[in-house]
Structure formats: structure tokens, C-alpha cells
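The structure appears right after this line, and notes come after that.
The values are calculated or read from the model by the stated rules, or taken from the named source; none is laboratory data. Given the structure is predicted, the values throughout are model-derived calculations rather than measurements. Reconstructed Cβ throughout: ideal geometry from the backbone, glycine too, with neighbour counts over all protein chains shown.
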Amino acid sequence: MRHLSLELFDLHDRVAIVTGSGRGLGKAIALGLADAGASVVVCARHTDEVEETAAAIKAAGGSAHPTHVDTSDRESCRQLVETAVKAFGKVDILVNNAGIDIIEPAEDVSEEDWDTIIGINLSGYFHCSQFAAQQMFAQGSGGSIVNNSSIASAVGIRGLVAYSAAKGGVNQLTRVMAVEWATRGIRVNAFAPGYFDNVMRDATTTHADPEKQRQVIEFTPMARRGRVDELVGPVIFLASAASSYVTGAVLFVDGGYTAM
């Protein structure tokens, strides 16, 4: 009997960029990819948090390079890929994770809030993917792009009209890029988290409400929030050779929420 080799999940000699990796899910993903052997470009808008994540990776014996990025700015996305190449010589993996959430009724969403959420959660994913793909084409060795989607891309959640629109767009962005780039060696997939212990900066007040917690437990079949470390395995799978015949997929990591 043949046994699945753990080498399929090995990311040694791979260079990964993880946007929004200064805290929360992004930080856990960056640490996980480094633990699997990747050299990681850690980046976010808050440089102090980025430096802390990079320091944690290095303290554990890994390789990391901290840098600033504003994914709502196309030029910043271009510079991010250039920085990765200067630091490590190439780009093999891009994890688009940077995100922002503003919770408010649809009738109250301002043009500014809409543009901000779409700019970071959707346009930024495209810009980073485009520049990373161009670099991967030049390298001629293919690569893997992994996008952070959400259960909000598939179900209606009150107060998340702009965020949900962006994440629905991420799913389609993932599928179209996967189709276009498949024969050129680039796989594009997404993971869609449910409710996790980590809460984005702009959603802390809402999630501190006991009624919100009750709803999360009631509608999640596993009856709990996910732990941030429970995203690491799915991302490593999508980033590594373990998923070599997987592209255009959206993997829901939600404790069964979307199965209800």
C-alpha cells in the first residue's frame, strides 16, 4: 500500500507573501507557512505588528521579511512583489488575506465606506494577484495564489452588504484567474472562513455582544468558533503540492455553517 508523503506539504525553498499578516488570521497563516518551510514576506498597513510577526518567525528558526503594504493602492501592491523578489529572489505563493469590515445597515453605507471595503477586500486581491502572477510567469515555475474569502460570500448576513459583495467577488475572481492561468502553471484557490476567535479590528464591538455569540453557536453545527490555528492546515494544503490538481476551488472552513 502506498502512503501519502508528508513531503507534499513541504514548503522549503518556497517564497510566500501573506498580506494582512500583522495579526489575527494572517499572522497565524504566516507562522504556519514558515513552519512548513517557506520564507515569508510579512506585510500589512501597521508596520509594528508586521515586525512582531517577522520576529516571531525568525525566533522559531524561520525566514521572514517584514514590509509595509496598503493593498487598496495598486502601486503599493506592485512594490510588495518587487520587495519579495529583492528579499528572496522569487515569489511562489501569494496569500491574499488583508481585509476590513464595516458593519452597518445597507441603507446607511456611505460611498466612502463602500469604496474602502471593495478597495481592500476585492480590488487589492486582484492587484496583488496580477503582479504576483506576472512575476510567476517570468520565473516560468508556476505558483499558487490563495485568497481569503468568507461565508459571507455564500450566505446573507445582516450589516455586511459591502463586505459580502467583495467576498462574492473574490470567489469569482478566484475562478476566473484559475481558468485563465491554469495552463501556465498557476493555481488559484480560496478558503472561506466562518466565525473564528479572531475578530477584525472594525467588528470587535458587534462580536462582543452576547446575542451575536449565541447566534454564532446556534448556526454553526460544531457549536463553536474556529481557532485561528485551524486555518493553517487548509492554507498549507492549497499552497502546497498536496493540492496540485486543485484550482478554482473555494474551500469553506466554517464548522459546517454553510451546510445548514
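Among the residues of region 207-229, which ones are in a helix (DSSP H, G or I) and either of a type in the set (Lys, Arg) or without any contact (Cβ under 8 Å) to a residue 24 or more places away in the chain (or both)?
The answer is 207, 210, 211, 212, 213, 214, 215, 216, 217, 218.
Can you confirm whether region 82-97 contains a residue that is in contact (Cβ under 8 Å) with a residue 40 or more places away in the chain, of a type in the set (Ser, Thr, Tyr), assigned to a helix (DSSP H, G or I) and buried (at least 24 other Cβ atoms within 10 Å of the Cβ)?
Looking for residues that are in contact (Cβ under 8 Å) with a residue 40 or more places away in the chain, of a type in the set (Ser, Thr, Tyr), assigned to a helix (DSSP H, G or I) and buried (at least 24 other Cβ atoms within 10 Å of the Cβ), one finds none in region 82-97, hence no.
Among the residues of region 4-31, what is the count of those that are among the charged types (D, E, K, R), in a helix (DSSP H, G or I) and surrounded by fewer than 24 Cβ atoms within 10 Å (Cβ to Cβ)?
Adding up the residues that qualify gives 1.
Looking at region 151-169 only, could you name the residues that are hydroxyl-bearing (Ser, Thr, Tyr) and touching a Gly at 6+ places or on another chain (Cβ under 6 Å)?
153, the sole residue that qualifies.
Tell me which of these residue 186 doesn't satisfy, since it passes every other one: (1) buried (at least 21 other Cβ atoms within 10 Å of the Cβ); (2) hydrophobic (A, V, I, L, M, F, W, C); (3) under 23 Å from residue 100 (Cα atoms).
Condition not satisfied by residue 186: (3).
From the list 55, 34, exactly one residue is in a helix (DSSP H, G or I) and without any contact (Cβ under 8 Å) to a residue 12 or more places away in the chain. Which is it?
None of the other options fit; the residue is 55.
Can you give me the number of residues within region 140-181 that are of a type in the set (Val, Ile, Thr), assigned to a helix (DSSP H, G or I) and within 21 Å of residue 254 (Cβ to Cβ)?
So the answer is 4.
Hey, among the residues in region 182-206 that are closer than 17 Å to residue 254 by Cα and of a type in the set (S, T, N, Q), which one's modelled with the highest pLDDT?
Among residues in region 182-206 that are closer than 17 Å to residue 254 by Cα and of a type in the set (S, T, N, Q), the one modelled with the highest pLDDT is 189.
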